[in-house]
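Novice: This is the structure, below, for whatever I ask next.
Rule-based calculations on the coordinates, nothing more; no lab input. Since this is a predicted model, take the numbers as computed values, not measurements. As a convention, Cβ positions derive from the backbone with ideal geometry for all residues, glycine included, and neighbour counts pool all protein chains shown.
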Amino acid sequence: MSKLTPFFNPLAWYKAWRFHKKNAAFDKSTYDLELHLYSKILKNNMLHWGYFEDTQIDPGDISLNQFQAAQQRYAGNLLEQIADKKSPVLDVGCGMGGLAEMLMDNAIPVEVLTPNKNQISFISGKHPQLKAHRCKFEDFEACKLYGTIINSESLQYIKLDAAFHKADSIVKPKARWIITDYFRTEDTTDNKGSHLLSDFKEKINEYGWNVVLEKDITSNVLPTIAYVNLYIERFLLPLRHYAYEKLRYKQAWLFYLSERIRNSIDAKIDKERRSVDPALFVTQKRYMFFVLEKK
């Protein structure tokens, strides 16, 4: 019964309410849990899916070092497509700044853009000399023209017309727009979160860009999806089962009362599992590498 005491204590309820109000008012953007997690796991400051040359690699054989090497290879592929290495590059949706670091290491001028103030703070702390813009791409007010724009897994968050309109207004003639992202191949109610590939290709023609490179790299990023899926199947789900059963054995009353919370957790896990299901991904999406050049 001592464990139940707080539930019958008015003072404990008042303190719980105060604690809830304090956390509800907390500006969560001042501390990005995902950014903190990734910065501790990945030491190359890159957040993209990576590029595996061995597309048949068993996910169980992928080490953390191999995954980071795949991320470096992915970034290197982008760097190779920068034609004008003297004009500034705008890295849109820069994450933790790993790509920008690689560009700086290769003496390519670069600026970064993200609406996430935690990412800006993280990057500025490591590279105070790097010019960082904190805003949405569609709201960006440029004071110069860029020779290259890069959207690495960030175009999906921007409406296509807004993205093309902004890109048109900030690039030099013959500038390149490098885009790597996954696109939907079909329009279904359970398949949202990215642009339709057909819509994107229509906008390329509508806004007068030439396609320099169009490459389907789905098979090269699938090992990453399989890698994440493996850890969900082999670690997360067994740990969930262990935690639930431990709670049921030790505190059956709390297990019973927490059913709604557990159902909410299960629904979230199931949603995330669908997003990293390799078989489902290839039936609904394609991961594309585009290099566009302004006419």
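Novice: Which one of Tyr207, Tyr227, Tyr256 is in contact (Cβ under 8 Å) with a residue 24 or more places away in the chain and over 30 Å from Leu64 (Cα atoms)?
Specialist: Selected residue: Tyr207, the only one of Tyr207, Tyr227, Tyr256 that is in contact (Cβ under 8 Å) with a residue 24 or more places away in the chain and over 30 Å from Leu64 (Cα atoms).
Novice: Take Arg176 and tell me if it is out of contact with any helix residue (DSSP H, G or I) (no Cβ under 9 Å at 6 or more places or on another chain), basic (Lys, Arg) and at negative phi.
Specialist: Against the criterion (out of contact with any helix residue (DSSP H, G or I) (no Cβ under 9 Å at 6 or more places or on another chain), basic (Lys, Arg) and at negative phi), Arg176 qualifies.
Novice: For Phe183, which of the numbered conditions (1) in contact with a Ser or Thr (Cβ under 6 Å, 6 or more places away or on another chain); (2) of a type in the set (A, V, I, L, M, F, W, C); (3) closer than 22 Å to Ala100 by Cβ fails to hold?
Specialist: (3)
Novice: Just to confirm my filter: which strands (runs of 3 or more DSSP E) fall fully inside the range 134-244 and include at least 1 residues that are touching a Leu at 6+ places or on another chain (Cβ under 6 Å), among the β-branched types (Val, Ile, Thr) and surrounded by 13 or more Cβ atoms within 10 Å (Cβ to Cβ)?
Specialist: The strands (runs of 3 or more DSSP E) meeting that bar are 146-152, 171-184.
Novice: For the range 72-89, name all the residues that are farther than 22 Å from Thr224 by Cα and in contact with a Gly (Cβ under 9 Å, 6 or more places away or on another chain).
Specialist: Ile82, Ala83, Asp84, Lys85, Lys86, Ser87, Pro88, Val89
Novice: Something else about it: Give the number of residues within the range 44-68 that are crowded, with 17+ Cβ neighbours inside 10 Å and either more than 19 Å from Ser154 (Cβ to Cβ) or touching a Gly at 6+ places or on another chain (Cβ under 7 Å) (or both).
Specialist: 8
Novice: Among the candidates Lys166, Lys174, Lys201, which residue alone is more than 22 Å from the chain's Cα centre (by Cα) and in contact (Cβ under 8 Å) with a residue 24 or more places away in the chain?
Specialist: Lys174
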